[in-house]
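Okay, so here's the structure we're looking at.
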Amino acid sequence: MVSTNSFKTGMTILLDGKLQQIVDFQHVKPGKGGAFVRSKLKNVETGKVIDHTFRAGIDVEQAIVERRDLQFLYREGDDYVLMDAQTYDQQHASSAAMGEATDFIKEGDTVQVSFFDGRIVGIDLPASVTLEVTHTEPGIAGNTATSATKAATLETGLEVQVPLFIEIGEQIKVDTRSGAYMSRA
């Protein structure tokens, strides 16, 4: 149990049986009435963000989330097979548990995985990843007065907008938060 007065950004709590991560919080002491804590909570499994208000000083259940580095081995149907490099234990994760990480990881990549009660509840991605362009149309010469872009398909199947000079086979950096092209690798 943890008091609402001890909230920290990134802390994970159990609220109504659901795993919630504290995105933002604010202690409010109005001139009249009792103090309260206004918070934004992100559901770890669905990613939905909600606003919730707690009375100051009440206890809520803190969830202990374990984070470990696992290597993505391969896909098996709709599941992703991940391996712990220290113990060589393999874990199966559903597409829902992997979330949008499926667009950014390729076989052999190491990712930080969050576990709660022995099950995978989330994947923490780095800020950017390097991926290879597998398909794009050739650039059109001359149309470069503006920052023109074209669609490119990456090795994970993700489609992003890239500048006209990017060719098939090039390595590019992609921002994992927005899914946008950053630069050549």
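For the reader, a short list of remarks on this structure follows.
- Residue match in segment 93-106 (condition: under 19 Å from the mean Cα position of the chain (by Cα), assigned to a loop (DSSP other than H, G, I, E, B), of a type in the set (A, V, I, L, M, F, W, C) and within 26 Å of residue 63 (Cβ to Cβ)): yes
- Residue count for segment 131-157 under the criterion of being part of a loop (DSSP other than H, G, I, E, B), open to solvent by less than 40 Å² (accessible area, probe 1.4 Å) and either of a type outside the set (A, V, I, L, M, F, W, C) or at pLDDT 90 or above (or both): the result is 2.
- From the options 113, 160, residue that is surrounded by 13 or more Cβ atoms within 10 Å (Cβ to Cβ), touching a Leu at 6+ places or on another chain (Cβ under 6 Å) and part of a strand (DSSP E or B): 113
- So residue 8, is it open to solvent by 70 Å² or more (accessible area, probe 1.4 Å), outside any strand (DSSP E or B), closer than 21 Å to residue 115 by Cβ and touching a residue at least 12 places away in the same chain (Cβ under 8 Å): yes
- Residues of segment 76-92 that turn out to be closer than 18 Å to residue 129 by Cβ and either in contact with a Cys (Cβ under 6 Å, 6 or more places away or on another chain) or among the small types (Gly, Ala, Ser) (or both), as a count: 0
The values are calculated or read from the model by the stated rules, or taken from the named source; none is laboratory data. Just so it is clear, the structure is predicted and the values come from calculations on it, not from any experiment. Virtual Cβ from ideal backbone geometry, glycine too; neighbours counted across all protein chains shown. Surface areas here come from the heavy atoms of the whole protein model, side chains and all, with no ligands, DNA or RNA. Shrake-Rupley method; radii C 1.70, N 1.55, O 1.52, S 1.80 Å.
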